[in-house]
Every structure is written in C-alpha cells, then in structure tokens.
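S.K.: Quick one: the structure is below, and I'll ask about it shortly.
None of the figures in this text is laboratory data; all of them are computed from the coordinates on show. Note that the coordinates shown come from a computational prediction; the quantities given were computed from them, not determined experimentally. Note that we place each Cβ from the backbone using ideal geometry, even for glycine, and neighbour counts take in every protein chain shown.
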C-alpha cells in the first residue's frame, strides 16, 4: 500500500527516471546471469554494477594489473564498462595469444578518437585486420620502412642530431630542457622524412602551427573517452564537445595535407633516394601497384599515423624516453659535445 501511495504522489518525470534506472539495472542483472551460465570465463575480481572493474585500474593500470595477476593468476577476466576484457600476464599465455592464435586475436579495437582522427580507422595502427590492413602493412614494410629507404633517410637523422647537439651547446651555461629539445628533434626528422620540409626554426610548415596540431592530436588520441568503455553512450561526446574537437583537429590536418599533396604533385623529377613518404604513397597510387587502390583519405591516414612510426624512423628515439609531464634537466658541459664525433 505504501508503494502505491508513493507512486500516486510522484510526478511523471520522477517516475520516468525511476523506470529507466530499474530497466538498466534489470538488464544488467539478466546479462550477468546469462553470461555466467553460458561462458567459462577466467578468474575475475568482484566488480561493481555498470562500471564493472574500471575502478580497480587506478591511475597506474600496469601496477594495478600486476597486483591482480598475483592474486588471480596469469589470465584474468575484467569487465571494463561494457567491454569484456581478458588480461594476460605470462610469457607462455602471451605466446598462445600472439603466435598460436594470432589470426583469431589479431584485430584491434577502434577507439572513438581514432575513428575521427584517422579517416575512419584507415591507417595501419587502427584498421581492422583484413585485406586492407594487410595491404597497408605491406606498403609500409616494403616501401616506407624498408632497410634501403631507412638508409636513404640516414642523412636526415645525422643532420638533425648535429642540429640537436648545437642547440644543447648554445644553451650552455645553464639548465637545459632536454625533453622539449628531443621532442623538437623528433618532429624535425618526422617532417623531413614524411613531408620533405623542415618543421622548426620558421620552416615552411611552421606557419600552420604544426606543433599545436600535433599536441592536440596526441592529447585527443591518448585522452579518456567514455565511448571506448560504454559504446552505447557515445552520444555524450557530442554534448561534452569532444566530438567537435576531434572534427576540428581533423579539418586542420586535412587542409594541411591537401597543401602538402598538391605541392608534391606539382614537383617532378625527384631522385628515388630523395623521395619522402608522401612521394612514395603518391607514386603507389598513380602506378596502381597497390593490391587495394589507395584513396586520398587512405594516404592522409598513413601520413598522420607516421607520427607513431617515429620510433622506427629514429632508432630507439636515441634510447631516451622522456615523460610527457616531466622535464629532464642537466648542466651542459663541453664533454657532451664529443658525441658529434660519432656522426
């Protein structure tokens, strides 16, 4: 009777909210019951309704996962929002996943940010496993990152390392921010190898605010996205402004790449060893040597994701890993610049 009296007194909006909440909870409980009945899942820590095990990852997921592996074993099932996830923590099981059953598990999730930044995930990093991905991977291995072409790019690396050393020398005496200098070096090499132009020092492409574009791209790609864990709630990104930021960043890159491609098309007669990545991709598109024809959006996606290939273009990134949020400092001294003898 008390329940009926409460229902009579409630307003329609309140009843609507309560009904939606009960439906969501009921759906979750039914799904959990069916999942436990049908699937033989690995050990799993206790989870909360709706968010599952997301709260157990913490600010340092690798450490949290190590702790869970010690408690539950080398294979764990986690429910990350709406995404069922299996975590592997041993070399033997990793071999099973990456080698024995690689074809079954070789695809990759399409992140919300990647779908908007990489022209519908048509790059090599986020494209789903299949004929297109194999074709793009083949192009990257045989054409863009072959041993011969990487050797041709060696003069770029040598010149940029020399310029990096000069920058460090000019900063003496005093404290030097190595993180920003190495990031600048990496971007300089990237632009010369991929686009054929300097990035810094008032270079031709600096007027586009290329560094700001890269910073925005990396922040959006690496930031938290609710839709990656709750695909049914992707509409929230339209309300928070994340979707519009992604679209704006892509438009800037799109305009920039249009100018780069137009410039490369107008320049002819380049020697093979002087061709950059854009030249190679345009040649492949023109002569039709690709098993699957490349569109302009495909070419732009491959160029954009080449930022992620910079660890291959620049061997081991000078073996220096600088945290994005940490400044590496040191006192410049003359002994440092003996490194130039190794160029």
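S.K.: According to a simple spin-label model (label point 7 Å from Cα along Cα-to-Cβ), what is the distance in nm between residue 152 and residue 238?
M.R.: 4.6
S.K.: Separate question: State the dimensionless ratio Rg/Rh of the stretch 257-300 (Rg: radius of gyration of Cα atoms; Rh: Kirkwood radius).
M.R.: Values: Rg = 10.3 Å, Rh = 10.9 Å.
For the stretch 257-300, the value is 0.95.
S.K.: Between residue 251 and residue 115, what is the label-point separation in nm under the 7 Å Cα-to-beta-carbon projection?
M.R.: Rounded to a tenth, the inter-label distance reads 2.1 nm.
S.K.: Follow-up question, since we're still on this one. Express in nm, to one decimal, how much length is gained between residue 70 and residue 162 on full extension, taking 0.36 nm for each residue of separation and deducting their alpha carbon distance. Provide the component values of the computation, followed by the final result.
M.R.: Details: separation 92, 0.36 × 92 = 33.12 nm, distance 4.71 nm.
Extra length available between residue 70 and residue 162 comes to 28.4 nm.
S.K.: With viscosity set to 1.306 mPa s at 10 °C, what whole-number translational diffusion coefficient in µm²/s follows for the stretch 72-181 from Stokes-Einstein and a Kirkwood radius over Cα pairs? It would help to have the intermediate numbers written out before the result.
M.R.: Working: Rh = 18.6 Å.
For these conditions, the coefficient is 85 µm²/s.
S.K.: Turning to a different aspect of this structure: One quarter of the convex hull surface, Cα atoms only: what value does that give for the stretch 41-106 in nm²?
M.R.: So the Cα hull casts an average projection of 4.8 nm².
S.K.: Let me ask you something else. Which FRET efficiency value, to the nearest 0.05, do you get for residue 265 and residue 198 by plugging their Cβ-Cβ distance into 1/(1 + (r/R0)^6) with R0 = 25 Å?
M.R.: Values: r = 20 Å, r/R0 = 0.82.
Efficiency at R0 = 25 Å is approximately 0.75.
S.K.: Quick one: order 188, 279 by neighbouring beta-carbon count within 10 Å, fewest to most. Mind showing how you got there, number by number?
M.R.: On the way: 188 22, 279 17.
Least to most surrounded, the residues fall as 279, 188.
S.K.: Sticking with this one: Suppose the chain between residue 50 and residue 296 were pulled fully straight at 0.36 nm per residue; how much longer would it get relative to their current alpha carbon spacing? Don't jump to the answer; show the numbers that get you there.
M.R.: Numbers: separation 246, 0.36 × 246 = 88.56 nm, distance 4.10 nm.
So the extension gain works out to 84.5 nm.
S.K.: In addition: Multiply the residue separation of residue 283 and residue 175 by 0.36 nm, subtract the distance between their alpha-carbon atoms, and state the gained length in nm to one decimal. Don't skip to the end; give the middle numbers.
M.R.: Details: separation 108, 0.36 × 108 = 38.88 nm, distance 4.61 nm.
Full extension of this stretch gives 34.3 nm more.
S.K.: Would you mind listing how long the stretch 145-297 runs along its three principal axes, going by Cα atoms, in whole Å with the largest first?
M.R.: For the stretch 145-297, the Cα extents along the three principal axes come out at 53, 50, 29 Å.
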